[in-house]
Amino acid sequence: MGSAAAAIPTVTLPPVTARFPGPRLPEALFRFARTNNAAEFLLEMRRKYGDAFAIRGPDRLYVVLSREDHFDEILIRAKDRYTKDYSLAPLELLCNPKVLYPNATERARLQRIFRRRLTRRSLSGNDERIQRLARQACGSIPSRFLRGDGVQLMRVMLDLHFRAWISALLGTDPTRDLGELPDELFWLAEYLPHAWFTRPFPSPWRNKSDRLIRAVRGYLHHLVRTQAPDADAAMDCHALRKELSDDEIVDHVAILLMTSAAVPAQLATALHCIVRDPQRVNALCAVESPDEKQTREHQLSLLLSESFRMYPAASIILRDATDDHVVEGCSIPKGSVVLLPTYVLNRDPGRWSEPDVFRPERFDTDEALPDCFPFGRGPRFCMGASYSQIFMPAVLDQFTRNFSIELLERDERYSLSLPLSFRSSKVRLSPRPAMALSRE
């Protein structure tokens, strides 16, 4: 960290009429992100203004820092100077405020429960159970997703993820009757990322969403009352039922459902990248002997790593500055927002050769590679990373085994405000001969 502050280029966006009160990003950039490729916009800004520049919005200053040492300074060394408490705002409608903003004693109790269930240590020995959940969820894809006119890939991945994740959190089998997942659940999952950048929560949406919230919570309450944990349930489900009330369990599941939308987004992205290359699909889906299993798993691991690099589910990391700070000569005034664009960092030709080319083989090396920040960094590292690292490869493995996938339409727009890349990619799914659907 440097001691002297130097001026950095500052871009002033034109004023616009705000759609929602209290924008977390400049409204002009927010609108741009919804209608164009905002990640590419920031990449172009970096080419023009360098590793550090600022965007002056209608409400505050947004400082964009896009070097790895910037990430280390903000997320690790100077973490106490920054906060991200606004990221809970979209959950205020779904959950009891006591869960989101507990007193010190309650916070310690809830954090202990969350960490006990989701850390790598707590999941140790449950790999097989989680992989089985992935296999069962892939085997229970609704038949309506197999219509000849195609289906949105993101919608399929959300359905698959929600069924497996709910089953993991409640300790049940996803092929057991969970009922039809309510459409409101998918609507919330696709909308909520917009609101990560908004506080207070947008009142127009708040006024129209009571029915949706009641439907989601009612569905989760029904599952809690009717789905008892299996004897071999992972993730400490039996202890959870003893420690939390039904309402607290619903809050717990709702939080983890809504904050885990990056998992199906990254799965949809990886599959999108795979199906664009028919030769790669054929190689992955070829019948293999047992001794080739490790090779297949290795290839899937490379594919996931490259999709994480090129299309990170969280294309930016945001932090609020709680104090004046100087980072590598860049002045960060108190009250400003720091944007750490992982998308931009992962397209840096100084860190990666041919950064715009999807080339999974780059990860097939024993040499140290740059960090692509798939789960963040520092003390706020994604607490669901361990589960994702077990679940996602298992889903890719089973999905490519069970279905042939034909890409019908694709939308490669990558948004800042909605980090669900390729959400409009439309595919046609066809069961492979050995695949039998288990539910309608």
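Bear in mind these aren't lab numbers, they're just calculated from the coordinates by the rules spelled out. Just so it is clear, the structure is predicted and the values come from calculations on it, not from any experiment. Cβ: placed from backbone, ideal geometry, glycine included. Neighbour counts: every protein chain shown.
Compute the signed sum of charges (Lys and Arg +1, Asp and Glu -1) over the other residues within less than 15 Å, Cβ to Cβ, of L303. My count for the surroundings of L303 gives +1. Residues of the stretch 370-411 with backbone nitrogen within less than 20 Å of a virtual label 7 Å along the Cα-to-Cβ line of Q279, please, listed as ranges. Inside the label zone: 405-407. Take the Cα coordinates of the stretch 291-353, assign each an equal point scatterer, and use the Debye formula without solvent to give log10 I(q)/I(0) at q = 0.12, 0.23, 0.25 Å⁻¹. For the stretch 291-353, the Cα-only Debye profile gives -0.50, -0.96, -1.01.
Subtracting the Cα-Cα distance of E297 and A231 from their residue separation scaled by 0.36 nm leaves 20.8 nm. If R0 is 41 Å, the Cβ-Cβ spacing of D356 and D173 corresponds to a FRET efficiency of close to 0.45. Hey, quick one: spin label on D371, modelled 7 Å out along Cα-Cβ, who in the stretch 47-79 has an amide N within reach, i.e. under 15 Å? Once the point is set 7 Å along Cα→Cβ of D371, 66-79 turn out to lie under 15 Å by backbone N, inside the stretch 47-79. Between R56 and T83, full extension at 0.36 nm per residue minus the direct alpha carbon distance yields a gain of 7.7 nm.
Residues V224, V326 in ascending order of nearby Cβ atoms (within 10 Å, fewest first): V326, V224.
Translational D (Stokes-Einstein, µm²/s) of the stretch 290-401 at 25 °C and 0.890 mPa s when Rh comes from the Kirkwood sum over C-alpha pairs? Rounded, D is 151 µm²/s. Normalised radius of gyration (Cα atoms, divided by 2.2 N^0.38 Å) for the stretch 224-367: 1.48. Working from Cα pairs under 8 Å separated by at least six residues, relative contact order for the stretch 301-352 is 36 percent. Multiplying the residue separation of D364 and E68 by 0.36 nm and subtracting their alpha-carbon distance yields 104.3 nm.
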